[in-house]
Amino acid sequence: REFLQVRHWAPWLDRVLQVLALACLAIAIVGTLLPGGAFFVIAMAVLGSSAALLAIVVGALALVRRRPGARMFVLATVIFQVGLVAYGLRTLDLLPTNVITSYGLQWGSVIEMMLLSLALASRSQALRFAKEKAQAAALHDRLTGLANRAHLDQHLGQALARSRRTGRGLALLLIDLDGFKTVNDTRGHGAGDHLLRCVGQRLLDQIRETDLVARYGGDEFVVVCEGVESEAVALALGEKLLVALEATCQIGDEQFSVSASIGIAWVPGHGTGAGQAGAAPVTEGAPALEPDALLARADEAMYDAKRMGKGRCAVAPPAVAPA
């Protein structure tokens, strides 16, 4: 019942197995307390044989329904029954006495236990993989396959912590597509979805493996780059992304392109930022910058880029470096 999780796919059969198990338990208990041992032995033999037969039937049904572990369960149960039958026939002198028939019950039990143990290990591994897959899906955008907002929040917090620990700079680029609504409205959501996937792949092609690209929501994307030691490097990366996004995407028989406005928030590390135009000096003991605050600064810069005519980058006023 537990191994095949019968209650989930055949509740009525699960109740039959429960009744049979209780009947076996009752016979075993009463048979030790009352006289008439032969009757109880026969009753237990009948119930035990019924349980064995029913186990094979349940296993076969589970196999037909492709339940996890059903194949191994059937194999293990059949081997045990073969060993049991061989032992019984040897006892009745219907089979010769040898190692197999004399110890058929023991051999069958051992092999059954081994097979079911392997099946349990396999099922545990499958459940672990399913859990990991579900956790990965919870951190990724279903449309583009990029990191989602939850993943971004988690990664950005860790990236800022690493920046404080290592003293290296960090850049966050918030990207908003300028002409996406027109494509979505005139060509349909299918074309819009395809364009978003195309944009996501373009961004991935332009960054390092250690960087993160996330879909922030709608037609907004975020790129987090660690080890960016100057505002000029962050701006150069933004310009590089603009050029990549201007290339057309093939959607069916048509080609589409959109421009983007990028807001950049750069966080200087220890010793960086000093002497750069517009950069704030590092202040020891300054409060650590939070992910939401960094995103807000990049968002303000992105709207500055739109006000300046779209299709360009704007850098947020420098923040105090992590202490």
- Count of the range 18-55 residues which are within 24 Å of Glu2 (Cβ to Cβ), surrounded by 14 or more Cβ atoms within 10 Å (Cβ to Cβ) and hydrophobic (A, V, I, L, M, F, W, C): 10
- Long-range neighbours under 9 Å by Cβ, at least six apart or interchain, first residue without any contact (Cβ under 8 Å) to a residue 24 or more places away in the chain within the range 55-67, second open to solvent by 70 Å² or more (accessible area, probe 1.4 Å): Leu63/Arg71
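Against the definition (surrounded by 14 or more Cβ atoms within 10 Å (Cβ to Cβ), closer than 21 Å to Val16 by Cα and among the hydrophobic types (A, V, I, L, M, F, W, C)), how does Val74 come out, yes or no?
Judged against the criteria, Val74 is a match.
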- Message: With farther than 16 Å from Ala52 by Cα and of a type in the set (A, V, I, L, M) as the only criterion, which of Leu84, Leu105, Leu118 stands out?
- Response: Leu118
- Query: Ser102 is checked against (1) open to solvent by less than 60 Å² (accessible area, probe 1.4 Å); (2) closer than 30 Å to Trp12 by Cβ; (3) among the small types (Gly, Ala, Ser) and fails just one. What number does that condition carry?
  - Reply: (2)
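A quick yes/no check of all residues on (1) modelled with pLDDT of 90 or more; (2) of a type outside the set (A, V, I, L, M); (3) in contact with a strand residue (DSSP E or B) (Cβ under 9 Å, 6 or more places away or on another chain); (4) farther than 30 Å from Ala76 by Cα:
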position: Ile111; (1), (2), (3), (4): yes, no, no, no
position: Ser124; (1), (2), (3), (4): no, yes, no, no
position: Ala134; (1), (2), (3), (4): no, no, no, yes
position: Leu146; (1), (2), (3), (4): yes, no, yes, yes
position: Leu177; (1), (2), (3), (4): yes, no, yes, yes
position: Leu196; (1), (2), (3), (4): yes, no, yes, yes
position: Val199; (1), (2), (3), (4): yes, no, yes, yes
- Task: Scan the range 69-94 residue by residue and report those that are more than 14 Å from Trp107 (Cβ to Cβ) and either touching a residue at least 60 places away in the same chain (Cβ under 8 Å) or among the hydrophobic types (A, V, I, L, M, F, W, C) (or both).
- Result: Gly69, Ala70, Met72, Phe73, Val74, Leu75, Leu89, Leu92, Leu94
- Query: How many of the residues making up the range 152-187 are open to solvent by less than 40 Å² (accessible area, probe 1.4 Å) and in a helix (DSSP H, G or I)?
  - Reply: 11
- Within the range 1-14, track down each residue that is part of a helix (DSSP H, G or I) and surrounded by 13 or more Cβ atoms within 10 Å (Cβ to Cβ). Val6, Arg7, Trp9, Leu13, Asp14
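The values are calculated or read from the model by the stated rules, or taken from the named source; none is laboratory data. Keep in mind it's a predicted model, so treat the numbers as computed, not measured. Every residue, glycine as well, gets a Cβ built from its backbone with ideal geometry; the counts of neighbours run over all protein chains shown. Quick note on the areas: whole protein, heavy atoms, side chains included, nothing else; ligands and nucleic acids left out. Shrake-Rupley method; radii C 1.70, N 1.55, O 1.52, S 1.80 Å.
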